[in-house]
Amino acid sequence: MSAPVAFLHTFVQSLSTLALYPPGHASRERSLEGLHLSLHDLLDSDPHPLFSFLGNEVVYGRRPLHELRDWEWGSRLSDVGIQRLEFDAKTAITTVELEAFLEEMLDRLNMRPADSSEARQTRETGIKYGAIGVGDETEEQAQVVTATIAFTLGEEAETIRWMHDELEGGQSLPLSEAEAVVRSLAMAMHGGSVTMVPLLRLREFDEYTTTHSLNVSVMTMALAEWVGLGAEDVRQFGMAGLMHDLGKVKIPKDLLNKPGRFDEAERKIMNSHPVEGARIILATEHHLDLAAVVAYEHHILINGGGYPTLKYPRDCHYASKLVHICDVYDALRTKRPYRDSWPAPKVLAYIEEKAGTEFDGKIAHEFTTMIRKWEPQIAVMNEDEELPAPVATPQSPAPVGPAPAQPESG
């Protein structure tokens with residue numbers, strides 16, 4: 001049994017013991033000593049362990065603990081707002097502090113009023129916990145001391161490259177890893193006191209699909225939160241954004257990175273990626289209907305244009321409309337072999353011009369308003385750069401000029 005799994009089992013055993021025995025009881029003391037030893041074993045292997053409890057998944061750092069899938073306690077902790085648990089070896093953690101921490105956990109699990117005194121809220125220990133904060137964090141959860149860690153996007157980018165390689169090699173979609181990436185992006189967005197939108201800078205043209213998938217996912221989650229969706233919808237929309245371009249694994253690399261315009265045959269191949277992406281997603285044994293719909297619809301325009309052509313015209317899913325606008329924004333903001341990147345004001349002007357024809361008018365308004373308000377909180381970073389501290393005061397909206405001509409899409 002790995003140290004993280006062993007610690008979690010000891011942790012819940014101690015919770016159960018504290019619930020049964022009063023302070024000072026010998027069984028209680030033995031349980032606390034055992035938890036203290038287990039924690040030290042964990043800290044010896046990892047000086048900064050971080051657990052995330054999200055429904056039926058337990059994540060250690062950025063890695064799902066598959067042996068704890070559908071673990072009852074993961075769901076119980078998540079349901080009471082304990083979605084993130086962090087320890088720091090730099091601060092010595094005593095059995096007294098562990099006991100106080102377990103009592104707080106029991107207060108939440110048993111729905112008892114927690115001590116909200118200033119001393120209890122602000123004391124400095126090596127134990128931090130709280131909600132990840134995707135969309136529907138309550139006022140009570142917001143008061144809890146929440147872990148803050150330095151984020152880069154290197155592991156996430158590497159995971160997406162590996163996922164694409166697996167699919168290119170004919171393997172099935174690795175869903176757990178994709179879900180872990182979305183959770184990591186959500187944690188990066190909410191690592192501080194204000195929302196941060198971490199975007200990855202392109203290193204090489206042939207890494208565009210990797211970078212673009214991460215950026216569209218995090219921007220879709222930001223926009224979903226902005227328009228008031230709940231936490232579960234935000235995560236599902238983020239998954240759809242992450243997987244919207246999976247069909248491009250079926251497109252030859254030289255075509256994806258062609259420096260000039262596509263001829264008719266090449267354009268037909270490129271335009272097949274929404275259908276191919278939906279097929280890949282639907283071929284899994286998991287229920288990913290929303291992601292499949294978004295993969296299929298994300299290039300269909302509000303006026304019925306785009307691709308693939310619908311035999312019977314209909315309205316696209318709301319998630320597809322959000323992903324579409326985030327897809328176009330990130331694509332135009334990125335330098336490609338056939339054109340330079342566009343500055344943000346030019347892209348926003350394009351989106352506003354095409355509202356009601358290419359983009360849903362209300363969503364276009366919400367998106368451009370969000371980008372202008374959150375401009376200081378959009379962090380464009382390299383894979384190995386840490387997420388910078390956010391600027392809390394938004395800048396005034398950037399001026400926009402005349403609407404630009406329609407770009408080449410792909």
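Calculated FRET efficiency, Asp165 to Thr357, Cβ-Cβ distance, R0 = 45 Å: about 0.75 to the nearest 0.05. Ranked by the mean number of other Cβ atoms within 10 Å per residue, highest first, peptides 171-183, 256-268 order as 171-183, 256-268. Derived scalar couplings between HN and Hα for region 266-271 equal 5, 4, 5, 5, 4, 6 Hz in order, rounded to whole Hz, by the Karplus curve 6.51 cos²θ - 1.76 cosθ + 1.60 (θ = phi - 60°), x for Gly and Pro. Computed from the C-beta positions of Lys335 and Glu158 and an R0 of 22 Å, the FRET efficiency is 0.50 to the nearest 0.05. Taking a sphere under 15 Å around the Cβ of His365 and counting the other residues whose Cβ falls inside, with K and R at +1 and D and E at -1, yields a net charge of 0.
Dipole check for region 154-381: with +1 at the C-beta of Lys and Arg, -1 at the C-beta of Asp and Glu, and the Cα centre as origin, the magnitude is about 660 Debye. Spacing of the modelled spin labels on Thr284 and Glu72, each 7 Å from Cα toward Cβ, amounts to 2.9 nm.
Is region 154-381 best put as rounded, prolate or oblate by its Cα gyration tensor, with a ≥ b ≥ c the root eigenvalues, rounded for a/c under 1.5, and otherwise prolate when a/b is larger than b/c, oblate when not? Show your work: numbers first, answer last.
Details: a/c = 1.23, a/b = 1.10, b/c = 1.12.
It comes out rounded by the Cα gyration axes.
Mind running the shape call on region 1-71? Use the C-alpha gyration tensor, a ≥ b ≥ c as the square roots of the eigenvalues: rounded below 1.5 for a/c, prolate if a/b tops b/c, oblate otherwise. Can you show the working numbers first?
On the way: a/c = 2.86, a/b = 1.61, b/c = 1.77.
Judged from the Cα gyration tensor, region 1-71 comes out oblate (a/c at least 1.5, b/c at or above a/b).
The label-point distance for Leu20 and Asn303, in a model that sets each label 7 Å from Cα toward Cβ, rounds to 7.1 nm. Ala6 sits among other residues whose Cβ lies under 14 Å from its own Cβ, and their net charge, with Lys and Arg +1 and Asp and Glu -1, is -4. Taking 7 Å steps out from each Cα toward its Cβ at Val5 and Val80 produces label points 2.5 nm apart.
Which net charge results for the neighbourhood of Met196, defined as the other residues with beta-carbon distances under 14 angstrom from its beta-carbon, given Lys and Arg at +1 and Asp and Glu at -1? List each step's numbers first, then the result.
On the way: positive: Lys373; negative: Glu225, Glu375, Glu385, Glu386.
Residues close to Met196 contribute a combined charge of -3.
Throughout, read-outs are computed from the coordinates displayed, never taken from laboratory work. All figures in this text were calculated on a predicted structure; none of them were measured in a lab. Every residue, glycine among them, receives a Cβ derived from its backbone with ideal geometry; neighbour counts consider all protein chains shown.
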